[in-house]
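Q: First the structure, then my questions, so here it is.
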Amino acid sequence: MSGTFDLGWWGVALAIVAGAIRVSTPYLLVSLGETLTEKSGRVNLGLEGTLVMGAMTGFATSYLTGSPWLGMLAAGVAGAALGLLHAAICNLPRVNDVAVGIALFLFGIGLAFYLGKPFIEPRGPMLPGLPLGSWSDNPAIRSAFDISPMFFIGLALAIALQWGLKNTRWGLVLRMAGESADAARAIGLSVDRIRTLATIAGGFLSGLGGGFLSLYYPGNWNEGLSSGQGLMAIALVIFARWSPMRCFYASLLFGGASAIGPAVQTVGITEGYYLFYAAPYVLTLGLLIYSSSPSRTLAGAPSELSISR
Amino acid sequence: MMDQHTPAPPEVAVVDLCKSFGNLRALDRVSVEFRSGRMHALLGENGAGKSTLVKCLMGYYRADAGQILVRRRQRPILHPRDAHALGLGMVYQHFTLVPQMTVAENFLLGRERLPAVIDWAAEHAALGAFMARMPFQLEPRRLVATLAAGEKQKLEILKQLYLGRRFLVLDEPTSVLTPAEADEVLGQMRRLTEAGQLTVVLITHKFREVMQFAQDVTILRAGKVAAHTDVAGASESGLAAMMFGQSLAPEKSGSSARTAPPDAGPYLELDGLNAIGDRGTRVVVDASLTVRSGEIVGIAGVSGNGQKELVEILAGQRNPQRGAVRIAGRPFGGTRRELERYGVSLLTEEPFANAAVRSMSVMENLAFRQFDRPPLAAGGFIFRRRALRPFAQALIERYGIRAGSPSARLETLSGGNIQRTVLARELSREVRLLIMQNPCFGLDVAAAAEIRRQIVRARNGGAAVLLISEDLDEILELSDRVLVMAGGRITYETERSSADRYEIGRHMTQGLARLSA
Amino acid sequence: MREPLAAPTAASAPHSSSGVTYGWLLGARHLPTDGLESLLLSLAAIVVAALLFGGFLALQGHDPVAVYQTLYLGAFGTHFSLENTLTQAAPLLLTALCTLIPARVGLLVIGGEGAVVLGGLGAVIAGAALGGAPGPIGTVLTLAAGALAGGLWIASAGALKHLRGVNETISTLLLNYIAIALLNHLVSGPIRDFSQTLKAQSWSIPDAFMIGNIPGWSVHWGLVIGLVVCSLLHLLLRHTTLGFSMDILGGNRRAAQMAGLPIGRLILLACFLGGAAAGLAGAIEIVAVHGAASESLVVGLGYTGILVAFLARQNALAVILVALLLGGISASGGLLQRRFDIPHAATTVLQGLIFLCVLASSAFAGRMLPRRSAA
């Protein structure tokens, strides 16, 4: 293909596809994490705070140590710590996991902004992408196909989780805790422990999602970094009906929707920029309305989840 | 898998077992011997100690004193795992299955050690071989949620056998089964004991089951062993005498005979009601019935045949798909004004869950029907909280509700007193339509008798009464007309004078084949 | 579910199968003994959070005692700081109601942020439309428009919940972001005042509609509006049949059905009132502070309101005290920044800690009541 600089509407399509892949990655990671958490019977609304905390930690660690991969690891660990906090409080009797999630959302964001003040200006090393578009001369195509390995890690994770939920002991035990805590306790399982581990794992993945934001795309740290991706992942999980592979497809869909705004700007449509921005939220709300029913529980929802009842 | 090493199933004995909860002596030096390879019935009223006894056996409670002997050796059972290791298993009243998982997954989950990765092909093959040896069969790939109650009960039993338990406690296993299913399950269990495969302890309150299937029976009363006998040498009335300490004088016909002929037209009318249940299947199908003022209509039926949903429709907790409810000829929508105008009182099952607010005080709960009328309200808008206490006090005294104070939270009351609270609230107004569902469940004999008296009094006062109960004796004792609900339909109707227990029982099973799973 | 009648244990309460309610979320609400226990628990939670925050500060190398002294100074220490606190607290009085009122009927609504934004937009649009009206009438109508906009916004979530079973926590969360996007869109174009070049903002409302300060104080009348609304609402919730109906619904939906209560209407009303309160707060921000809508409407008033509601254990009178406390913390942020170089986000951290501790404290509720004997 000969490289022309102005691809016109093809450029828009390309931008949407590239954007879909890029923007979907944090959605994918966070939603996979939340799927695990919700499959065990807990809902963690604090993922937004976890995501932001992960972003800050990842960026700071990468800046301070010079290694973006170490940054990613730190981001995951920070997320896991917040997940542990969520689980610890929710394990106490009579505590509502929805409220704890909101509290963590506030706490996580506050903590991230507080500790992250010194890191707003400087630029640290970024995560490298895989140059899958190097066959082309067109810089637009090249940058579109510069895909982060985190995307593939996310995809592999989705496949692994989908398989694991049905075919491993951990998968069975996890689902049991989320479907019938009484039955799980009756056979001697510690439901609290299962949910704690699931929430920690969910936090770790959310932290990774945040790390992706600050270390790859958009690739900086500031207080407007996240625009609700963590929270939207909750809706995404419901939309995907708690299936890891459907989370993957849904993430692509949401990523594409988010990418429409910036993409159409390149062909000169600047009006209504913010409305495109609202597209993912409207889409989510619409899907939620569509898939909810007043009389029946959401199909596929883990029976122990408080928000699906 | 079934243990092939020890030929005989366990023989279990408890010696001088004691267990107290605070001041309550649940078990008082109880000694019972459950002989190997026999079916042993455990009879007793609610609160007699049956479930405490078996929970001690199973390691859920630790007895305060006494011994548990398994195969003639004393064993400390401190945890369910200890019981399981000794081959003791229990099938509970409520299902411990996970509805959204398959039969096969439910089997596997009970195992002590599961491999990290599950080879489903091998597991399914092993399950198939296992079930071929069993008296019941189930399709391993089916979702438990799609099983009927009888199948779920069989699955529970199969699970225990799969896990190698050869001493089985069955806690009221037939409470959700039709007479035919109950006979099948108990019959198979009896056959397994006779074949020397199992020792079975059957907790029940149905004399018929004891007489028909058990070989030994132990009767508990107030935490002590009241009697122990061979079934062969016992009779139903003999058992009753041992259970209640006096001969069972049936409170039949006499006290509850109709004192005045009912009015001509129907007061309550259900016309072709159809409803969809929580699982998306039809649970009430073309149900029609009438209740006239001054008569008691009883609906008999095994639990799970649409009764709960029918009452929910009347209580405004479920919308019918089709059909109508009429009171005094007018359509009934369940609004507050209509409830007041038609004098409707409802006593659903599980009143704590369905009709009360646990975090509110007793006096607030008592006010649900009257809070928007004088003396509790002024102008229909202002709520006079100060009037609550005297209002409640009167009801508390009249109905004998035992509560710390009227402002005590409802959840601090015992189950019986919560029931009394809801009863007081519902019956203390002018009642012209009384709808009751399993009103005496879980209550002691005296309280149950009191409620039955209230029902008869309401009817004699001209109220139309609809009584839905799983206790056939209760229905036969109180009703003027008996209906049967099976598979969501009203399948039978008879006057009390011509009511035949076995005919009714037969109709309780019909229509189930037509109910889609 | 065929076990003999026994009240479910506290641990199983959140998972009751026949009708999930958030009744327990409300904690003890009106009984004297339980009220005392609630109060003590909240106080204990604040103390624990304060200790944890102190530890956090110490790790950063700050002297916790000095910081707390400054916090007090910045919140209540001087006339000026008290005014600051009252100014910060004023909107919280109203945004807390956006969570509190729906909580009474068993809903967990977190849409205060969006309702505030809608309130601001409503006020600005009405203000422009009413151009020539006399001052006081214009003010009242502008405020009413804001309240109406916020009320409808949250009521729509209530309708979705009642008609389609859509979880209200998620829907109001999404509505927050949609509202913010709507604000940005309108303020950057359709209702923009292009003469303002500093930042994107809407056209201003007429000066005559602005409300001033309480005489002798640098605090606007919005504070009084907030206090009045909270008090009226408390009367409504506690001393009317409507409030009692809401209590029943929030306590047990099935019991409410059995009592013949109009469930849908109660849910819609509760959501509308909550949204209207937050919308009113947004309108007051326009009418008393900014005069025009811009992104300065989005400063977390809604989210802090959620915290106020929880800390006040969903009691409308307690909201006043709690709003003062949290307003004080917010107000001292500036002083903390200047004296100790502590970023403003520290106040958010403290608020988050308090929230977490309050939630954890509900685990201890009921320990002071006599225990029931085991069945």
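The numbers here are math on the coordinates, done by the rules we state, and not lab data. Just so you know, these numbers come straight off a predicted model, no measurement behind them. With ideal geometry, Cβ positions are generated from the backbone for all residues, glycine too; neighbour counts draw on all protein chains shown.
Q: Given labels modelled 7 Å from the Cα in the Cβ direction, how far is it in nm from C:A44 to A:R142?
A: Roughly 6.5 nm, to one decimal.
Q: Can I ask one more? Farthest toward the dipole's positive end in segment C:26-364, which of C:F355, C:H344, C:G158, given Cβ charges of +1 (Lys, Arg) and -1 (Asp, Glu) about the Cα centre?
A: Toward the positive end, the furthest listed residue is C:G158.
Q: By how many nm would the segment from C:R265 to C:A66 lengthen if fully extended, with 0.36 nm per residue of separation less the alpha-carbon distance?
A: Working: separation 199, 0.36 × 199 = 71.64 nm, distance 5.18 nm.
Contour length minus Cα-Cα distance gives 66.5 nm.
Q: Let me ask something additional. Say the dipole of the protein assembly as shown comes from +1 at the beta carbon of Lys and Arg and -1 at that of Asp and Glu; which of A:V173, B:L388, C:W221 then lies farthest toward its positive end?
A: B:L388
Q: Work out the length of the dipole vector of segment C:26-364 about its Cα centre, built from +1 on the beta-carbon of each Lys and Arg and -1 on the beta-carbon of each Asp and Glu, and round it to the nearest 20 debye.
A: Dipole about the Cα centre, nearest 20: 700 debye.
Q: Now for a separate question. Just to check I understand the Karplus step: with θ = phi - 60° and J = 6.51 cos²θ - 1.76 cosθ + 1.60, what whole-Hz values come out for segment C:311-317, glycine and proline as x?
A: Each residue's phi maps through the Karplus curve to give 5, 7, 6, 6, 10, 5, 6 Hz.
Q: Sticking with this one: Could you please rank B:Y267, C:Y303, placing first whichever residue has the fewest other Cβ atoms within 10 Å of its Cβ?
A: In order of increasing Cβ crowding within 10 Å: C:Y303, B:Y267.
Q: With charges set only on the Cβ (+1 for Lys and Arg, -1 for Asp and Glu), what does the dipole of segment A:8-291 come to about its Cα centre, in debye to the nearest 20?
A: Result for segment A:8-291 is approximately 660 debye, rounded to the nearest 20.
Q: OK, next. Quote the FRET efficiency, to the nearest 0.05, computed for B:H94 versus B:N460 with a Förster distance R0 of 45 Å and r equal to the Cβ-Cβ distance.
A: So the FRET efficiency works out to roughly 0.75.
Q: Under the classification rounded if a/c is under 1.5, otherwise prolate if a/b is larger than b/c and oblate if not, where does segment C:26-364 fall, given a ≥ b ≥ c as square roots of the Cα gyration tensor eigenvalues?
A: Numbers: a/c = 1.66, a/b = 1.02, b/c = 1.64.
The shape class here is oblate.
Q: If you plug each phi of segment B:407-420 into the Karplus form 6.51 cos²θ - 1.76 cosθ + 1.60 with θ = phi - 60°, what whole-Hz ³J(HN,Hα) values come out, in order, with x for Gly and Pro?
A: For segment B:407-420, the Karplus-derived couplings read 8, 5, 5, 4, 6, 7, 7, 6, x, x, 6, 5, 4, 5 Hz, x marking Gly and Pro.
Q: Looking only at C:G127, C:G111, C:G138, which one moves most when chain C is put into a Gaussian network model with springs between Cα atoms under 10 Å?
A: C:G138
Q: Once the cut-off is 20 Å, how many percent of the Cα-Cα pairs in segment B:297-423 end up in the long-distance tail?
A: When every Cα pair of segment B:297-423 is considered, 54 percent fall beyond 20 Å.
Q: Also, quick follow-up: Working from Cα positions, state the angle (0 to 90°, nearest 10) between the long axis of helix B:149-162 and the longest principal axis of chain B.
A: With both axes taken from Cα atoms, the answer is about 20 degrees.
Q: Something else now. What is the angle, in °, between the Cα long axis of helix A:229-239 and the longest principal axis of the Cα atoms in chain A? Nearest 10 is fine, range 0 to 90.
A: For helix A:229-239, the angle is close to 60 degrees.
Q: When a/c reaches 1.5 or more, the comparison of a/b and b/c decides; with that in mind, is segment B:148-213 rounded, prolate or oblate per its Cα gyration tensor? Provide the component values of the computation, followed by the final result.
A: On the way: a/c = 1.73, a/b = 1.19, b/c = 1.45.
In terms of gyration-tensor shape, oblate.
Q: PRE reach from B:R35 (point 7 Å along Cα→Cβ): which of segment B:160-174 fall under 20 Å by backbone N?
A: Within reach of a label on B:R35: B:166-170.
Q: Taking every residue in A:167-180, how many Cβ atoms of other protein chains lie within 10 Å of its Cβ, on average? Please list the in-between numbers first.
A: Values: counts 5, 5, 9, 3, 3, 8, 2, 0, 5, 6, 1, 2, 7, 11.
That average works out to 5.
Q: Which cross-chain or sequence-distant (5 or more) residues have an amide H under 5 Å from the amide H of B:A377, H modelled 1.01 Å from N in plane?
A: For B:A377, the qualifying residues are B:R384.
Q: I need the calculated FRET efficiency for the pair C:L317 and C:L163, taking r as the beta carbon distance and R₀ as 35 Å, to the nearest 0.05. Don't skip to the answer; put the middle values down first.
A: Values: r = 33 Å, r/R0 = 0.95.
The value I calculate is 0.60.
Q: Given the options A:D182, A:D146, A:D192, which has the most mean-square fluctuation in a GNM of chain A, springs set between C-alpha atoms less than 10 angstrom apart?
A: Of the options given, A:D182 has the highest mean-square fluctuation.
Q: In chain B, how does Rg compare with the Kirkwood Rh, expressed as the Rg/Rh ratio over alpha carbon atoms?
A: Details: Rg = 25.0 Å, Rh = 25.2 Å.
That ratio equals 0.99.
Q: In chain B, what % of DSSP beta bridges are antiparallel (nearest 5)? Write out the running numbers ahead of the final one.
A: Values: 44 of 79 bridges.
Looking only at bridges with both residues in chain B, the antiparallel portion is about 55 percent.
Q: Extent of segment B:407-517 along each principal axis, from alpha carbon coordinates, in Å, largest to smallest?
A: 50, 36, 24
Q: Please list, ordered by chain and number, the residues whose modelled amide H lies under 5 Å from the amide H of C:Q201; skip anything fewer than 5 residues away on the same chain.
A: Here C:D193 satisfy the definition.
Q: Using all Cα-Cα distances in chain A, what percent lands in each 10 angstrom bin from 0 up to the longest?
A: 7, 27, 34, 22, 8, 2, 0
Q: Also: What residues from segment B:463-485 fall in the zone where the backbone N is under 17 Å from a label point 7 Å along the Cα-to-C-beta line of B:Y342?
A: B:463-468
Q: While we're looking at this one, here's another question. Using amide H atoms built 1.01 Å from N in the peptide plane, name the residues 5+ places from B:Y492, or on other chains, whose amide H lies under 5 Å from its own.
A: HN-HN under 5 Å from B:Y492: B:V484.
Q: Also: Once the Cβ-Cβ distance between C:Q337 and A:L92 is put in as r, and R0 is 35 Å, what FRET efficiency do you end up with, to the nearest 0.05?
A: For R0 = 35 Å, the calculated efficiency reads 0.50.
Q: How far apart, in nm, are two points set 7 Å out from the Cα along the Cα-to-Cβ line at B:N274 and at A:D182?
A: Result for the modelled spin labels: 3.2 nm.
Q: Work out, step by step, the length gained on full extension between B:R373 and B:R453: first 0.36 nm times the residue separation, then minus their alpha carbon distance; give nm to one decimal.
A: 25.9 nm
Q: Under a plain spin-label model, where a point goes 7 Å from the Cα along Cα-to-Cβ, how far apart in nm are C:V289 and C:A208?
A: Output for this residue pair reads 2.7 nm.
Q: Moving on to the next point. Taking every DSSP beta bridge with both residues inside segment B:12-243, roughly what % is antiparallel (nearest 5)?
A: 55
Q: If you don't mind, another one. Quick check on the exposure proxy: order C:T197, C:T78, C:T172 from fewest to most C-beta atoms within 10 angstrom.
A: Working: C:T197 7, C:T78 11, C:T172 33.
Lowest to highest Cβ neighbour count: C:T197, C:T78, C:T172.
Q: What's the ranking of A:122-128, B:180-186 by average number of surrounding C-beta atoms within 10 Å, highest first?
A: Most protected by this proxy first, the peptides run B:180-186, A:122-128.
Q: Now for a separate question. Kindly provide the helix-only [θ] at 222 nm of chain A, computed as the sum of -39,500 (n - 2.57) over DSSP H runs of four or more divided by all residues, to the nearest 500 deg cm²/dmol?
A: After summing the helix terms and dividing by the residues of chain A, the value is -23500 deg cm²/dmol.
Q: Output ³J(HN,Hα) for segment C:259-273: one whole-Hz value per residue in order, computed from phi by the Karplus curve 6.51 cos²θ - 1.76 cosθ + 1.60 with θ = phi - 60°, and x for Gly and Pro.
A: Computed from phi, the couplings for segment C:259-273 are 7, x, 6, x, 4, x, 5, 5, 5, 4, 4, 4, 5, 4, 4 Hz.
Q: When you look at the Cβ of every residue in C:346-358, what mean number of other chain Cβ atoms sits within 10 Å?
A: Working: counts 4, 2, 9, 10, 3, 4, 12, 5, 3, 8, 11, 2, 2.
Mean shielding count: 6.
Q: Helix-only mean residue ellipticity at 222 nm, chain B, DSSP H runs n ≥ 4 weighted -39,500 (n - 2.57), per residue, nearest 500. What is it?
A: The helix-only estimate for chain B comes to -9000 deg cm²/dmol at 222 nm.
Q: Also: Please find, in a Gaussian network model of chain C (springs between Cα atoms separated by less than 10 Å), the residue of C:G158, C:G120, C:G135 whose mean-square fluctuation is greatest.
A: Fluctuation is largest for C:G135.
Q: Also, quick follow-up: Any of B:K55/B:K224; B:K55/B:K206; B:K50/B:K308; B:K154/B:K308 with alpha carbons more than 18 Å apart? Name them for me.
A: B:K55/B:K206; B:K50/B:K308; B:K154/B:K308
Q: Follow-up. Mind pulling up the Rg/Rh value for the protein assembly as shown? Radius of gyration and Kirkwood radius, both on Cα.
A: Working: Rg = 32.9 Å, Rh = 33.0 Å.
We get a ratio of 1.00 for the protein assembly as shown.
Q: Hey, got the average number of other protein chain Cβ atoms within 10 angstrom for residues in C:156-165?
A: Per residue, the average neighbour count from other chains is 3.
Q: Dipole of chain B, Cα-centred, from +1 at each Lys and Arg C-beta and -1 at each Asp and Glu C-beta, to the nearest 20 debye?
A: That gives a dipole near 1260 debye.
Q: A follow-up question, please. Report for the protein assembly as shown the percent antiparallel among DSSP-assigned beta bridges with both residues inside it, nearest 5.
A: Restricted to the protein assembly as shown, the bridges split so that about 60 percent are antiparallel.
Q: Please name whichever of B:T52, B:P115, B:S31 sits farthest to the positive end of the charge dipole of chain B, dipole taken about the Cα centre and charges placed at Cβ: Lys and Arg +1, Asp and Glu -1.
A: Final value for the positive-end residue is B:T52.
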